[in-house]
Every structure is written in structure tokens, then in C-alpha cells.
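Novice: Can you read through this structure? Questions will come right after.
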Amino acid sequence: SSTRGMPPISEREPYRSHGRGSRSSRSSSSSQSQAAARNGKGLFSAIILALCIFNIFEVDIHIGQKDSSNGRRSLLSTLYLAGPSTLLPWAQHHLVGVMDRPDPKAETALFWHIPKSGGTTAKRLYQCMGQTLAHRVGADPRYGHDHDAEIVVFEPHGGKDWKVVNVDTTIKPGILRAKQMGLVQSHTSDLIFTMEPQFAGQELYDEDNKGRFLALFRHPVDRALSMFFYLGTATWERTYRPEWANMTVLEWANLDHAEEDYMVHKLTGKKFGDKVDETDLIIAKELVRQRFVVGLMGKMNESIRRFNIVLGVDAESERSQQCMEEFGLVDAPPVEQNGESTSDEVKTHATDKKNSNKHPKFEEGSPEYDIIAGRNPLDMLLYKYIESLFESQQEIIDSYLQNEQPQSVEGTNHVLNDGMELQNEQLQLAEGTDDGLNDGMEPEKAKLAALLPPGSESGTVSISSDYTNHLLNINDPPSESDTALFWHVPKSGGTNIQRLYWCMGSTIANEVGVNPKFGKYEGPQSELVAFSPWDDNPGKVVNVDVATHSGILEAKQRGFLVKEGQPHVDFVSTSEFNFASAMLFSPDHKARVFGLFRHPIERAVSKFFYLQKATWEPTYNQRWASMSLEKWASQRRGEDNWMVRHLVSKGMGEDLTNADLELAKDIVSTKFVVGLQSQFEESVRRFNIFLGLDVSDPVNSECINKFTSHEDDADHSDAHNNEKEIVTKNEFNSYEHPHAERGSPAWVSLAKIHMYDVLLYRHVLSVFNGQGAMFRNAEPVAQVASE
């Protein structure tokens with residue numbers, strides 16, 4: 001494996017401690033320099049690629065037509081939510097998913113009103129159809145309900161037979177008032193209208209009173225032009241801009257506008273003027289994909305048809321038909337003109353004369369179009385993605401009318417059935433997504449690719465070199481803007497590493513800090529703090545979750561590692577190595593990486609016996625409880641080559657190649673200070689030097705002895721601290737269990753399944769031996785025999 005121009009390991013300089021992180025000499029990093037450094041960002045493709053590992057083979061799906069007898073859907077609809085969830089917590093827990101059948105008794109619908117995108121038309125249409133709405137009118141002082149303390153439904157205009165609730169949900173103060181009054185809990189509103197989707201979703205709903213989001217979207221350039229021409233003449237609007245009336249589009253477009261990338265700002269809850277980037281685009285895409293019933297202003301008829309289904313509106317009633325005809329949503333009878341029928345013409349755009357304005361159109365490529373598009377780059381990408389979602393959602397929405405429950409990804413079995421073979425169609429699909437949606441792809445594959453999570457249309461061969469530029473090379477000197485990153489490979493001793501350094505008083509960011517029992521995390525707006533969760537342990541944690549994609553995204557949004565005045569962190573610990581590296585670090589604020597590795601077969605066997613009995617784990621597998629090791633090892637069980645896949649960002653359904661292995665080996669060689677679980681004491685010695693810990697400190701020395709003392713270093717395992725069988729979760733998260741004998745059928749089978757990880761581990765052993773020269777300032781390092 002190449003080392004990118006670096007000298008051989010044996011020729012590198014010894015690793016020198018810079019004194020950071022020791023009990024006596026820890027110092028906070030310069031927040032100001034960190035904040036400046038974080039202004040840099042990796043390329044969009046690298047971030048997207050790190051996010052979207054698509055587990056197509058992991059989902060128990062059938063290819064072909066729907067089969068109502070067993071409740072399964074076709075591949076199209078199952079794929080819609082088959083990607084890994086990267087929703088922020090409020091969206092995950094407060095909103096129902098697109099695949100969930102509407103239940104008006106258990107959910108309250110919310111319509112995101114994007115200005116000049118057909119929202120006013122939708123509001124007036126549903127008023128006309130007799131729906132009870134919550135929007136601005138309900139708190140208008142003219143009607144005398146703006147100071148009510150309780151929810152009231154009233155008719156603002158007698159004789160028109162339409163009702164509103166006495167709140168204003170279009171603005172943040174009104175949303176907070178509606179929350180205090182219990183709007184959603186009252187179940188008095190058929191449809192809530194708002195211009196603040198993120199704030200409303202977070203504040204109005206909860207896990208017991210969920211929301212369903214709908215929206216009409218419009219091309220960003222068309223929307224911006226409509227807004228310009230409208231507000232230059234709309235004297236009745238609060239935002240009327242008379243100075244725009246005599247401007248040209250180019251003059252207006254060159255002004256310093258606050259509302260650039262309007263949709264991405266609103267979906268992520270960022271203020272106008274705050275910078276949005278590719279990470280925000282990812283969050284916005286995921287929110288729309290998983291939680292929005294999508295409509296397009298340019299396809300209003302079909303959009304309203306879908307909304308009617310979701311809202312349970314009887315579109316065939318006389319009143320509904322009259323309203324839809326009034327708003328241009330019912331095709332008029334054919335009219336003969338010059339002997340030819342016009343019945344083939346279909347309206348796609350509803351009309352609302354009061355709030356519509358005719359204005360010039362500008363084609364793509366014109367100076368006016370290009371300058372507006374250039375000032376809204378993220379909205380342009382988001383809208384293109386939304387167009388593909390609109391096409392993909394049709395089958396899902398139509399299924400609501402059938403006696404078939406759309407099957408969400410949470411309800412599928414992520415462990416492949418015994419004996420199930422990978423189908424050719426699945427493999428062809430995975431291979432067919434590499435080149436994007438249109439470049440040489442067959443139409444059906446392009447349609448399938450549109451259903452994948454945001455960014456899946458990007459190539460998935462390997463991580464680009466820009467991604468690894470977020471990581472320091474192992475022979476680079478640390479700087480104040482760098483932060484140590486521990487890759488926690490499951491069942492490889494990582495829990496012991498964390499507990500060791502907590503014992504020594506370190507501050508570690510993992511997932512512990514957001515545990516509700518500690519009371520230090522109250523949502524995304526929580527101030528970043530470090531605290532000690534345990535009375536008898538000096539270790540500290542930070543109130544972030546870097547163990548999951550959604551937690552990492554939220555931590556980034558909260559300014560973790562870059563926000564001025566935030567608490568000092570000795571190291572970040574996560575199993576999501578590539579995702580955390582891409583999101584939390586940058587070329588100017590790098591990660592110094594270390595990891596503890598274990599033989600892949602031993603790790604797999606440990607995981608099997610652990611998940612047989614660890615009922616407290618979310619990944620506990622009851623099906624494995626009565627299974628023998630030989631049977632379990634006889635075939636792939638939903639996971640293979642975990643280390644290589646995580647290092648090169650390839651999903652479990654994607655083929656690995658020798659190039660992937662070489663890239664993984666290269667990353668380990670150049671970026672990792674390597675430790676071995678089988679050489680735990682020596683690994684800890686190196687990590688102490690790497691972290692700059694004072695091992696002469698009596699407390700530190702006592703902790704090291706506590707966590708590294710054992711009888712046989714050569715056969716060290718995570719069970720040495722606990723010889724009892726698995727009964728309850730213990731301090732060390734380790735247990736005694738049987739082992740697979742080398743050469744046994746189980747060992748041979750697992751070696752084939754985890755071939756790339758076994759080869760990578762052989763390389764890790766070599767790297768571990770070679771890195772001994774970097775730590776030569778201490779006693780000699782025992783050489784580890786290659787396998």
C-alpha cells in the first residue's frame with residue numbers, strides 16, 4: 001500500500017507528546033482560531049458520499065409488482081425510505097413519515113407556505129372546501145380573538161362558512177402562543193399554515209401529538225422573479241417595496257438580498273444572513289424526503305389530488321367540486337373550436353386572481369436567470385431533488401386509498417432471511433446508480449435512483465482525497481485547532497478505552513452526554529457544556545451525540561468543536577468514523593486519529609454471543625438466541641467487512657474491490673495511531689503519549705493499572721475484566737464466551753465472509769509493529785507475529 005509520499009514507518013520521527021490533555025497540563029484550544037478554521041469546508045461530493053451509504057441488500061424486499069396478500073410493496077416504494085436516517089431529532093420524533101398511512105385522529109397536518117409558490121391558493125381552496133385552518137387570520141385583532149387564553153374556532157366572515165382557529169401560526173411568536181394554548185393537542189385544526197416549518201415542527205408537536213407536513217414547491221428562479229414583480233406593486237402587503245417598481249431585474253438581482261437560498265434556510269431553521277452550506281442542504285433534502293408530502297406549483301392539479309388524499313378530503317362532494325372548479329382544478333367540459341375538441345388540454349396550474357401577478361419570464365441562460373440561480377445555488381439543487389421526489393411519491397400516496405399499509409423501513413427485517421440469495425435485479429440496481437440519474441441509465445433504473453437518499457446519485461467507489469484531508473497524517477505535529485478522534489470499532493475494547501480515560505479525568509464526546517437521566521440536554525438549542533455524569537468518577541462528557549448520523553449533524557449545527565467559549569474536549573469517540581470526520585472536521589480543523597483494532601473473526605464471534613443475550617441493546621437479536629455458532633457463521637448475517645466499508649464509505653450491499661482494500665490500508669497507514677486489543681497495555685502506553693497524558697500522576701497510574709492488568713497479554717480479550725456470563729450490562733461491557741477455533745468450519749466460513757477485513761487486519765498488525773519506532777522513548781515494544 002502506498003503512503004502518499006511519506007517515509008516508511010520505521011524511518012519516521014519518534015512521536016513527541018505536546019503535553020495536551022494531561023491531568024497537569026491540559027489547556028483549552030483556541031476557540032477563535034477554531035472558528036476561523038471551520039469556515040473552510042470539504043467538497044460537496046465528499047460530504048454527500050460520506051452521508052449516503054445505501055443498504056439495499058440489508059432490507060428484506062421483493063422486486064416486482066405489489067402483493068397485497070402479504071402487505072409488501074414494490075421495490076419503488078420500499079426503497080423510498082430504505083436509506084439511513086439522518087433526520088434531526090425533532091423531525092424524527094415529532095413528524096410522521098411519508099410511508100405512514102394518514103390517521104387524522106393521531107396527527108395534525110401542517111402546510112409550509114413558501115411565498116409565491118401557490119400557498120395562498122391552497123389556503124383559500126381548503127377554506128372554500130370547509131376545512132378548519134390555523135393561519136394569520138385567526139389572531140387578527142379585527143375579530144377579537146387575539147388575546148384569548150384558550151383555543152376557539154370561529155367564522156371570521158359570516159355567511160362564508162369557513163372556519164379558523166384563534167392563533168397565528170405563520171410567525172414564531174404566534175407559534176409559541178399556539179403551543180402554550182395547546183393547538184395541536186386540541187385537534188381543532190384540519191390544516192395548520194406556517195412560514196416557519198422547522199420552528200413549528202419543533203415547538204407545536206411532540207411524540208404523542210405528531211404532525212404531517214405538506215408543501216407546494218416552485219422553481220427558485222420563478223419564485224424570486226414573481227416575488228420581485230409582486231412586491232413592487234402590492235401596496236396592500238406589509239412587505240410592499242415601492243422602490244422595486246422602477247428597477248430592472250438585473251438591478252434588483254444585484255442588490256444585497258437577505259433571502260438567498262430561502263428554502264434551505266427555512267428547513268434548517270437558520271436565520272437569513274447566516275451562511276448555509278452543503279451540510280444544510282443534506283439536512284433539508286432528508287427532511288423533505290422522509291417527512292414531506294411534496295407538491296409542485298407547476299403540477300397543481302396532481303398536487304392537490306394528493307393533498308386531498310392525505311387530508312381525507314372528499315374531493316367528489318358537490319362543495320369540493322365547486323371549489324376546485326372555482327380555482328381551476330377541475331377540467332372544464334370540452335369545447336369545440338374550429339371543429340376540434342380541446343379536451344386533451346389539461347390544466348396544471350390553479351388560479352387565484354387576487355394573489356397572482358403576470359410578469360415577464362426569463363429563460364435559462366439569460367443574464368437575469370443566471371444571476372438569480374447563482375445567488376440560490378442550494379435551493380436550485382434542492383428543487384431538482386424535489387422534482388424527483390414528486391414523481392416517486394405518486395405510488396405511495398395512491399396506496400393510501402387501498403387496503404394495503406405502506407411498509408416503512410422501520411418495519412422491515414434488516415437481517416437477511418436464512419438461505420436468501422441476492423437477486424440479480426438488486427445487484428443491477430446497485431450498479432446502475434453509479435452514474436447519476438440520466439447519464440446512460442435505463443429509464444426504470446433512473447426512476448429507482450431518484451428514490452435513493454440525498455447524494456446516492458453520486459459515485460460510490462471510494463472516498464476522495466479531499467475527505468482524508470480532514471485527518472492529520474500521523475507524523476504531522478498537533479496544533480491548537482486539531483482534536484483527537486477515537487474510532488470505536490464495536491467489540492474491540494473501545495468501551496474500556498473510554499472508561500480508562502474517564503478514570504484519568506478526560507473529557508470525552510460520545511453519546512453519553514445527551515442521556516436524559518443527566519438532564520444536560522434539552523434539545524438542539526441546548527448550550528454546549530461539559531459535565532461529570534458520575535459522583536465517583538472524575539471523567540466528563542459533552543452534551544452532544546456523535547454516535548449517530550443525526551446526532552453528528554445536530555452537533556455540527558450547534559457549533560461543536562468550533563463555537564467560541566465551548567468546553568474543552570480531550571477526544572471525540574465514535575463508530576461513525578467517516579461521517580464524523582467529514583462533518584465535524586475540515587482541512588483547517590483536522591482530526592488526529594487513533595483506534596483499537598481486533599481480529600475480525602474474534603470481533604464477529606464476540607458480537608454474536610453478546611447480541612444473543614444483551615436484551616438492553618437496540619441491536620439485540622432474538623433470532624440469534626437459540627442459534628449455534630456454526631449455523632450463524634455459515635452465511636452472511638447482515639454485516640460483512642465492517643472496517644473496510646466504514647473506512648471507504650461503502651454500504652453493506654455494495655461490492656468491495658481490491659482498490660477499496662488498498663484505500664483502507666492507506667488510510668490506516670497514514671492517518672491512524674494503531675492499537676491492538678490483543679496488545680492492550682502497549683496500545684494504551686502509545687495512546688497516552690499520543691494524547692499527551694502524564695502517566696507519572698498517581699491517579700493516572702492507578703487507572704492504567706486498573707484497566708491494563710491481566711495475566712496473559714498475548715491472549716488478552718475483552719472478557720478479562722469480567723469472567724461471568726452475560727446476565728446484565730457490566731462496567732466493562734465485556735463477557736466470557738466461547739471462541740471459534742482456528743481452522744474450524746465456523747472460522748473458515750467467517751474468514752470468507754470477512755475476507756477484506758481479515759486482510760486489512762494483517763496490514764494493521766504490520767502498521768502496529770512499524771509504529772513502535774515512533775514511540776521509542778519508552779521501553780521496547782514487543783513485535784506481533786503476522787498471521
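Novice: Looking only at region 124-154, count every residue that is open to solvent by 50 Å² or more (accessible area, probe 1.4 Å), assigned to a loop (DSSP other than H, G, I, E, B) and in contact with a strand residue (DSSP E or B) (Cβ under 6 Å, 6 or more places away or on another chain) and tell me the total.
Specialist: Result for region 124-154: 0.
Novice: Identify all residues within region 186-236 that are aliphatic (A, V, I, L, M), closer than 24 Å to Asp379 by Cα and assigned to a helix (DSSP H, G or I); write none if there are none.
Specialist: Within region 186-236, Ala200, Val221, Ala224, Leu225, Met227, Leu231 qualify.
Novice: Need pairs with beta-carbon distance below 8 Å; first residue outside any helix (DSSP H, G or I) and within region 758-781, second modelled with pLDDT under 85; sequence gap 6+ or separate chains.
Specialist: Going by the 8 Å Cβ cut-off, the qualifying pairs are Arg776/Pro14; Asn777/Pro14.
Novice: Please go through region 680-712 and pick out each residue that is open to solvent by less than 70 Å² (accessible area, probe 1.4 Å), more than 24 Å from Arg598 (Cβ to Cβ) and not polar (S, T, N, Q).
Specialist: Gly692, Asp694, Asp697, Val699, listed by residue number.
Novice: Identify the residue in region 229-252 that is aliphatic (A, V, I, L, M) and open to solvent by less than 20 Å² (accessible area, probe 1.4 Å) and, among all such residues, is farthest from Ser117 (Cα to Cα). Quick ask: steps written out before the conclusion?
Specialist: Start the filter on region 229-252 by keeping residues that are aliphatic (A, V, I, L, M), which leaves 231, 234, 245, 247, 249-250.
Still in the list and also open to solvent by less than 20 Å² (accessible area, probe 1.4 Å): 231, 234, 249.
On the way: Leu231: 14, Ala234: 16, Val249: 19 Å.
Step by step, filter region 229-252, then rank; the result is Val249.
Novice: Could you list all residues from region 511-556 that are assigned to a helix (DSSP H, G or I) and surrounded by 18 or more Cβ atoms within 10 Å (Cβ to Cβ)? Working first, answer last.
Specialist: Start the filter on region 511-556 by keeping residues that are assigned to a helix (DSSP H, G or I), which leaves 512-514, 516-518, 549-556.
Scanning region 511-556 gives Val512, Gly513, Val514, His549, Ser550, Gly551, Ile552, Leu553, Glu554, Ala555, Lys556.
Novice: If a residue has to be part of a loop (DSSP other than H, G, I, E, B), under 22 Å from Val294 (Cβ atoms) and touching a strand residue (DSSP E or B) at 6+ places or on another chain (Cβ under 7 Å) to count, how many in region 252-279 make the cut? Walk me through how you get there before you give the answer.
Specialist: First, the residues of region 252-279 that are part of a loop (DSSP other than H, G, I, E, B): 254-261, 269-271, 273, 275-277.
Next cut, under 22 Å from Val294 (Cβ atoms) only: 259, 261, 269-270, 276.
From the residues that got through so far, the ones that are touching a strand residue (DSSP E or B) at 6+ places or on another chain (Cβ under 7 Å) too are 259.
Number satisfying all stated conditions: 1.
Novice: Within region 280-297, take every residue that is farther than 17 Å from Ser392 by Cβ and surrounded by fewer than 24 Cβ atoms within 10 Å (Cβ to Cβ) and give me the one that is modelled with the highest pLDDT.
Specialist: Met297
Novice: Which one of these does Thr121 not meet: (1) surrounded by 22 or more Cβ atoms within 10 Å (Cβ to Cβ); (2) not in a helix (DSSP H, G or I)?
Specialist: The one condition Thr121 does not meet is (2).
Novice: What is the number of the single condition among (1) within 30 Å of Glu302 (Cβ to Cβ); (2) exposed (fewer than 15 other Cβ atoms within 10 Å of the Cβ); (3) among the hydrophobic types (A, V, I, L, M, F, W, C) that Leu255 does not meet?
Specialist: Evaluating Leu255 over (1) within 30 Å of Glu302 (Cβ to Cβ); (2) exposed (fewer than 15 other Cβ atoms within 10 Å of the Cβ); (3) among the hydrophobic types (A, V, I, L, M, F, W, C) leaves (1) as the failure.
Novice: Same structure, new question: Identify the single condition in (1) in contact with a strand residue (DSSP E or B) (Cβ under 9 Å, 6 or more places away or on another chain); (2) at pLDDT below 95 that Pro89 does not satisfy, given that it satisfies every other one.
Specialist: Failed condition: (1).
Novice: Do you know which of the residues in region 742-757 that are part of a helix (DSSP H, G or I) and without any contact (Cβ under 8 Å) to a residue 60 or more places away in the chain is most open to solvent (accessible area, probe 1.4 Å)? Working first, answer last.
Specialist: Narrowing region 742-757 to residues part of a helix (DSSP H, G or I): 745-753, 755-757.
Filter again for without any contact (Cβ under 8 Å) to a residue 60 or more places away in the chain, leaving 748, 752.
Details: Val748: 63, Lys752: 155 Å².
Per the stated criteria, the residue is Lys752.
Novice: Find the residue count for region 582-596, including only residues that are within 15 Å of Ile474 (Cβ to Cβ) and either open to solvent by 10 Å² or more (accessible area, probe 1.4 Å) or touching a Gly at 6+ places or on another chain (Cβ under 8 Å) (or both). Steps first, answer last, please.
Specialist: At the first step, the residues of region 582-596 found to be within 15 Å of Ile474 (Cβ to Cβ) are 590-595.
After this cut, where a residue has to be either open to solvent by 10 Å² or more (accessible area, probe 1.4 Å) or touching a Gly at 6+ places or on another chain (Cβ under 8 Å) (or both) as well, the list is 590, 592, 594-595.
Qualifying residue count for the region: 4.
Novice: Output the residue which, of all residues in region 155-185 that are open to solvent by less than 40 Å² (accessible area, probe 1.4 Å) and not in a loop (DSSP other than H, G, I, E, B), is nearest to Gly119 (Cα to Cα). Please lay out each step first, then the result.
Specialist: Initially, region 155-185 is screened for residues open to solvent by less than 40 Å² (accessible area, probe 1.4 Å), giving 156, 162, 164-170, 174-175, 178, 181-184.
Still in the list and also not in a loop (DSSP other than H, G, I, E, B): 164-165, 174-175, 178, 181, 183-184.
Details: Val164: 16, Val165: 18, Gly174: 19, Ile175: 18, Ala178: 21, Met181: 25, Leu183: 21, Val184: 21 Å.
Among them, the one singled out is Val164.
Novice: Another one. Is it true that Ser320 is part of a helix (DSSP H, G or I) and modelled with pLDDT of 95 or more? Write out each step before concluding.
Specialist: Values: part of a helix (DSSP H, G or I): yes; modelled with pLDDT of 95 or more: no.
Spelling it out, it is not the case that Ser320 is part of a helix (DSSP H, G or I) and modelled with pLDDT of 95 or more.
The values are calculated or read from the model by the stated rules, or taken from the named source; none is laboratory data. Here the structure is a predicted model, which means the values were calculated and not measured. Note: ideal-geometry Cβ built from the backbone for every residue, glycine included; neighbour counts use all protein chains shown. Side chains included, ligands, DNA and RNA excluded: accessible areas come from the protein's heavy atoms. Shrake-Rupley method; radii C 1.70, N 1.55, O 1.52, S 1.80 Å.
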